[in-house]
Amino acid sequence: MRISSSACILTLITATFFFFSCASGPKPKGGDKEKAAPSYSQLKLEQLRTLSADDAPAALAAIASLLEAKADERPAGAPSDAELEALASDSATKIEAAYKAAREAKDFSKALSSLESLKSLESLPRLAAFLGADVASDASAYAEERANILREEAEAFFAKDQRTPAFLVYLFALNASGAPSSAFPDAELSLWAKRALEARDRHALKLLCSALASRSLPSPEGAAAVLASHDSVATMRSGVVTIRVDKGIKIEQGLGMLDRVLGTGFYIDRSGYVLTNYHVIESEVDPTYKGYSHMSVEPADSPEDRIGAKVVGYDRLLDLAVIKVDTKPDYVFSFGDSSELFSGQKIIAIGSPVGLENTVTSGIVSASGRKLLQTGNVIQIDVAVNPGNSGGPLIDETGAVVGVVFAGMAQYQSLNFAIPSEWALKVLPELFTGGEHKRAWLGLSIAEKENAPVKPGLGITYRHPSVAEGIEEGDRLLAIGGQEPKDIPAAQALLLDYVPGSLAIVSVSRGGVERRELRYVAERPFEPLDSAARLDRKDRLFPALFGMSVTPLPGSLFEPSNYSIAKVWPGSIADEAGLSENDPISLKSFVVDQAQRVAYIQIYVKKRKAGFLESIIQIPASLDTPDFI
């Protein structure tokens with residue numbers, strides 16, 4: 001959260017506490033167990049062999065780092081080049097075998113993960129030599145093979161009568177970077193367009209018809225009429241349901257009270273799949289919740305009915321969940337392109353505020369690109385929504401879903417938000433496969449705002465201790481897998497193409513010198529800064545939390561408490577607190593408040609901007625930062 005005045009930091013911390021206690025989005029959960037990554041330079045040969053047996057991609061990332069180091073820079077007893085190359089060959093063979101086994105078993109996620117690792121190895125000449133002769137030899141071949149895997153996955157979804165993920169995955173294949181058009185026969189494109197027409201999936205139909213037109217091929221008969229048609233609000237209301245989660249009885253002040261969660265959902269597939277918010281159904285899947293929980297759905301046309309439902313898949317970071325209802329819906333929603341939304345555009349929301357089903361409210365888009373969640377961005381909307389609207393569709397004037405309503409801020413009347421459809425569509429196929437969506441990350445915190453002159457790439461402010469060294473504060477992120485992200489959400493979107501446990505080529509620069517790093521893409525913890533606070537020194541957390549880096553001053557035998565501020569990023573919490581470079585500070589306390597989801601420091605500081613007048617201030621920062629990739 002940003003507050004324009006920096007005169008009273010105590011006011012800032014009070015407002016921050018209020019925000020995080022009142023937001024109605026997903027509550028974080030603990031239990032992300034991590035340990036600090038070992039230094040590659042300290043790994044012995046037997047340790048590398050053990051790592052290769054357990055996790056070949058992780059071993060190759062370590063080997064690549066060791067091979068890059070000069071012989072005279074390696075510690076005594078470090079493996080020789082010959083030993084490293086032999087182990088690299090063995091590890092590469094393991095990845096090839098895993099890829100072939102996954103392809104045969106139709107394990108699409110594992111196949112894509114292994115393929116991405118092979119592609120990364122192929123781009124590094126020293127490691128590419130260890131790949132088999134039958135492995136793809138250029139980027140276009142990998143792109144085509146990726147498209148082929150996605151096409152097979154799309155057919156597998158379609159065979160299970162899961163039309164929506166089938167269309168999405170086929171479109172992913174069609175848009176796969178570098179995939180040749182010859183990978184998609186004309187007859188196949190026409191078939192998928194006919195399928196989209198039959199399902200009345202306007203989102204898929206529009207894109208598939210565009211692909212056909214680019215080849216001068218006709219669209220299916222009747223496609224133009226469907227694309228031009230608009231469904232009435234009355235019709236769309238039949239595709240919205242009320243979700244009730246009965247949590248039994250809770251005791252407050254000695255009295256037993258009914259404990260209920262109300263939310264909204266909407267049908268996104270004719271087989272009875274409903275999209276909603278994770279925080280609506282949280283108690284159904286949260287392993288830390290030990291109480292009673294039973295979920296049911298009320299159809300729009302008969303709210304007195306209660307239909308049992310089960311959670312299929314969920315994404316805590318995006319606050320989304322897919323549930324399954326054993327019924328055939330009267331109406332299934334199609335998605336639109338939220339990237340085309342503009343401030344002032346008219347929108348409507350359908351939901352069940354405080355249980356009042358079939359409630360329709362209208363308004364406008366206030367703004368887009370707001371960073372409220374830990375990943376992606378959200379739409380700010382001027383539409384009346386209340387508790388119970390969570391999980392309902394946000395609809396544009398064409399009748400397409402452009403967002404999923406997810407939260408309001410209790411301290412600000414009528415300030416509400418929705419998850420953009422472009423982010424929901426990226427993860428929906430994964431949610432249909434079941435369980436929690438596991439997200440890949442590089443473990444890096446990024447600062448988008450910087451002082452002039454602006455350098456190429458994104459500024460790296462922090463490396464999480466659970467990921468390996470090699471990229472540090474002050475480096476510049478240039479590209480991930482050859483693609484250049486323009487901002488943090490773009491980098492997070494690129495990482496959605498990776499599966500945890502794979503390898504990625506990350507281009508970075510240090511001191512103006514560009515280099516490529518082979519990085520192991522790990523599984524993202526739900527609460528990165530919580531685990532970082534357990535694993536790292538307090539002062540190393542300052543850039544990620546407060547937007548400032550510090551240099552310890554001499555005089556302390558253990559962890560220092562006196563520092564000089566080395567850098568303050570513009571627009572950061574430290575900047576708004578009036579701190580600047582070369583200010584001396586003394587750390588008096590560092591507190592992580594899990595209940596309020598905030599960390600704060602209390603410091604003595606002599607601000608240069610205030611004539612070095614000494615003062616004590618308290619500075620808060622959210623633990624749920626959106627700056628990690």
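The values are calculated or read from the model by the stated rules, or taken from the named source; none is laboratory data. Bear in mind the structure is a predicted one, so any value in this text is a computation, not a measurement. Backbone-built Cβ (ideal geometry, glycine too); neighbour counts: all protein chains shown.
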Margin query: Based on this model, can you work out whether residue 618 counts as outside the structural domain of residue 318 (by TED's automatic domain parsing), surrounded by fewer than 19 Cβ atoms within 10 Å (Cβ to Cβ), assigned to a strand (DSSP E or B) and touching a helix residue (DSSP H, G or I) at 6+ places or on another chain (Cβ under 7 Å)?
Written below: yes
Note to self: Of everything in segment 151-172, what is surrounded by fewer than 23 Cβ atoms within 10 Å (Cβ to Cβ) and more than 19 Å from residue 267 (Cα to Cα)? Give them in sequence order.
What the structure shows: 151, 152, 155, 156, 159, 171, 172
Checklist line | Given (1) surrounded by fewer than 22 Cβ atoms within 10 Å (Cβ to Cβ); (2) at pLDDT 95 or above; (3) over 24 Å from the mean Cα position of the chain (by Cα), index of the condition residue 327 fails | finding: (2)
Note to self: As an exercise: evaluate residue 385 against (1) touching a helix residue (DSSP H, G or I) at 6+ places or on another chain (Cβ under 7 Å); (2) in contact (Cβ under 8 Å) with a residue 40 or more places away in the chain and give the number of the one condition it does not meet.
What the structure shows: (2)
Notebook entry, point to check: Scanning segment 302-319 for residues that are without any contact (Cβ under 8 Å) to a residue 40 or more places away in the chain and touching a helix residue (DSSP H, G or I) at 6+ places or on another chain (Cβ under 9 Å), which turns out nearest to residue 281 (Cα to Cα)?
Noted result: 311
Check: Scanning for something among the charged types (D, E, K, R), at pLDDT below 95 and under 22 Å from the mean Cα position of the chain (by Cα), does segment 371-388 turn up at least one residue?
Finding: yes
Note to self: Considering only residues that are part of a loop (DSSP other than H, G, I, E, B) and of a type in the set (Val, Ile, Thr), which ones fall in segment 356-384?
What the structure shows: 375
Notebook entry, point to check: Could we say that residue 527 is among the acidic types (Asp, Glu) and out of contact with any strand residue (DSSP E or B) (no Cβ under 9 Å at 6 or more places or on another chain) here?
Noted result: yes
Check: What are the pairs, 6+ residues apart or on separate chains, where a residue within segment 594-610 that is in the same structural domain as residue 544 (by TED's automatic domain parsing) has its Cβ under 6 Å from a residue that is outside any helix (DSSP H, G or I) and acidic (Asp, Glu)?
Finding: 597/624; 605/583; 606/614; 607/583; 608/583
Next item on the list: State all residues of segment 141-179 that are in contact with a Ser or Thr (Cβ under 7 Å, 6 or more places away or on another chain) and either outside the structural domain of residue 208 (by TED's automatic domain parsing) or at pLDDT below 95 (or both); if no residue qualifies, say none.
Entry: 143, 178
Check: Which one of these is surrounded by fewer than 18 Cβ atoms within 10 Å (Cβ to Cβ), free of Cβ contacts under 8 Å to residues at least 12 places away in the same chain and hydroxyl-bearing (Ser, Thr, Tyr): 89, 80, 109?
Finding: 80
Notebook entry, point to check: How many residues are out of contact with any Phe, Trp or Tyr (no Cβ under 6 Å at 6 or more places or on another chain) and part of a strand (DSSP E or B) when one looks only at segment 581-597?
Noted result: 7
Next item on the list: Go over the candidates 555, 578, 571 one by one and state the one that is assigned to a loop (DSSP other than H, G, I, E, B) and either among the aromatic types (Phe, Trp, Tyr) or free of Cβ contacts under 8 Å to residues at least 24 places away in the same chain (or both).
Entry: 555
Note to self: residue 243 - would you say it is in contact with a Gly (Cβ under 8 Å, 6 or more places away or on another chain), part of a strand (DSSP E or B) and free of Cβ contacts under 8 Å to residues at least 24 places away in the same chain?
What the structure shows: no
Next item on the list: Using the structure shown, decide if residue 419 is closer than 22 Å to residue 237 by Cα, among the aliphatic types (A, V, I, L, M) and buried (at least 20 other Cβ atoms within 10 Å of the Cβ).
Entry: yes
